[in-house]
Amino acid sequence: MKNLSKILIVTAFFSFAAAFCAYAEEMKTPKTAPGVSASVEKTTLENLQVAFNGENNARVRYLAFAQKADQEGYGRAASLFRAAARAEQVHFERHAKVIKKLGGVPTANIEPLVVKTTPENLKTAMEGEIYESTVMYPEFLVKAKEDQTGDAMEAFEDAGAAEAVHASLYKEALGNLEAWKGKNVDFFVCMFCGNVVEKLDFKACPICGKNNNQFVEVR
């Protein structure tokens, strides 16, 4: 009986250790944004396809989030979602041009929509933008530099910087939701890099350097 007890204890210990290691490994793996697959050992063309697909999904998702925000009275948040959706379109259109230049065919698989409350939608959007700006695009940029693919490098760099701006705006909204209620407001989107701002108080885009006449108004 003593030997059986020891065997059971040892077995239980190793089972716990294995489960703990698996959990720890899962926690180290960054969560990806909806519509975006992990970037592991892919070519620059494949990375462009991943980005193209992710940006298409983001646009569809943000337009749905905007409609929900309007319904719940978060007019300013709805305008932000629409501006971000326009910015994601800028990104995937630019990615598409590079994909075609490299001999590929831009392909997107739009995933089923999950629309929750506006605070939850803002959190989802923020987390997606954080992933893209801190993990996905930096990794894609490294690979594009290795492949010396100039157009892809510039597209990834600009998109990553723009996504960081989007994330900061979503964070601002989450931090003071009351200020994002009421009527729709104007945002401005750079049609070259996808930067989103609330005021055109500069001559050149802080991200891509293009003249401020490249910005379009989105409400």
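The values are calculated or read from the model by the stated rules, or taken from the named source; none is laboratory data. This one's a predicted model, so the numbers in the text were calculated from it and none came from an experiment. As a convention, Cβ positions derive from the backbone with ideal geometry for all residues, glycine included, and neighbour counts pool all protein chains shown.
Yes or no: Val196 over 25 Å from Leu45 (Cβ atoms) and touching a His at 6+ places or on another chain (Cβ under 9 Å)? Answer is yes for this residue.
Okay, residues lined up against (1) under 14 Å from the mean Cα position of the chain (by Cα); (2) of a type in the set (A, V, I, L, M); (3) within 17 Å of Phe156 (Cβ to Cβ); (4) at pLDDT 50 or above:
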residue	(1), (2), (3), (4)
Phe20	no, no, no, no
Thr29	no, no, no, no
Pro34	yes, no, no, yes
Ala38	yes, yes, yes, no
Ala58	yes, yes, yes, yes
Ala64	no, yes, no, yes
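What number of residues within the stretch 196-214 are within 22 Å of Phe81 (Cα to Cα) and either under 23 Å from the mean Cα position of the chain (by Cα) or not polar (S, T, N, Q) (or both)? Qualifying residue count for the region: 11.
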